[in-house]
Structure formats: structure tokens, C-alpha cells
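Before any comments, here is the structure.
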Amino acid sequence: MTKAELRQTVINFLNNHKKAVFAILDNDGLPTTSLMLYVIDDEMNVYFGTRKTFSKYGNLQKNTIVSLSVIEEVLDPLKVVDLRGTAVEISSEQTSEIHTFFKSKNQSKYYVEGAEDFVMFKLTPDFVRWLDATSGQLSIIDIHEMAD
């Protein structure tokens, strides 16, 4: 499979899922995780929202590096996408447009939307790993390391 084909496979997988486990560092520098709703664009940028009163918002102000995993919600075959990158807060002028894009791709109940302190982030990945055991053997591919 070429890098372009694999990238499209990963994009399709991510588009077919709505929830990810996000990992960030807390105030003490310890890893913490949370389940988040997300969407991606055609460049594999990840968009998610939170509230300024939530601890993850303060943590993201101190350390913008985020890891996330999206896991196939069946036992077999194992399929996982791991991403890591930098999260940047979306400007208040762009939030409405990005939120509309988000809702067009993920219709899940979004408990934080509508809050006065609701904010959105864009995560630009610099690391993408695809794990796939469809063949019966676990294949692990770091897409960012593949030649074009």
C-alpha cells in the first residue's frame, strides 16, 4: 500500500469514528486522559472542543502537545490510529464556522457546546501510527516515516 493509500485508509477510519481518547499533561506534568468527541478535515487535522473551566483547557494552555487514540469498537480485528501533534485554540471569530463543520461530521450529543466558555481546538498531527490486525497479523506503520 502506498503512503497516499494508507493515509486515505486512516482518514476513512477516523471519519467513521466519533470518539477518541485524548492524552495531555496535567499541572504536575503527569499524563491524564479523557474521552473526547472529534472530527478531522482532509489534511487529518483534528478538531475538538472543551470549556475554559475544565482542567484540560488550563493544561492545554501550558502544554499544547496532545496524543490521541481512536480504537475500533470491536474485539477483532484490532484497528487503531494513534496521533500526536500540537493543539491550537481556534479564534473566537472562527469558532462558529469550525463548530458548524464539526456538527456536520459528528452529530453526537455534544455536552459542552452552548456553554459561555466553550472553545475549540485544532490539532495538527506530526505523528500518525496505524495498527491493523485484519490479516491475522498485527501490522504497525508509522505513516509520517513512509516515503511519498
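The values are calculated or read from the model by the stated rules, or taken from the named source; none is laboratory data. This is a predicted model, so every value here is computed, not measured. Note that we place each Cβ from the backbone using ideal geometry, even for glycine, and neighbour counts take in every protein chain shown.
Filtering region 4-19 down to residues that are surrounded by 13 or more Cβ atoms within 10 Å (Cβ to Cβ) and without any contact (Cβ under 8 Å) to a residue 60 or more places away in the chain, which residue is farthest from residue 59 (Cα to Cα)? Taking the candidates together, the pick is 8.
Evaluated against (1) surrounded by fewer than 14 Cβ atoms within 10 Å (Cβ to Cβ); (2) part of a loop (DSSP other than H, G, I, E, B); (3) modelled with pLDDT of 90 or more, residue 137 falls short on exactly one condition, (3). For region 77-109, the set of residues classified as over 18 Å from residue 56 (Cβ atoms), basic (Lys, Arg) and surrounded by fewer than 18 Cβ atoms within 10 Å (Cβ to Cβ) consists of 103, 105, 109, listed by residue number.
Just one of the numbered conditions (1) surrounded by fewer than 18 Cβ atoms within 10 Å (Cβ to Cβ); (2) touching a residue at least 12 places away in the same chain (Cβ under 8 Å); (3) more than 28 Å from residue 9 (Cα to Cα) is not true of residue 65: (3). Taking each residue of region 94-114 that is closer than 20 Å to residue 54 by Cα and touching a residue at least 12 places away in the same chain (Cβ under 8 Å) and looking for partners that are in a helix (DSSP H, G or I) and of a type in the set (Phe, Trp, Tyr) with beta-carbon atoms closer than 9 Å, six or more apart or interchain, yields 110/102; 113/102.
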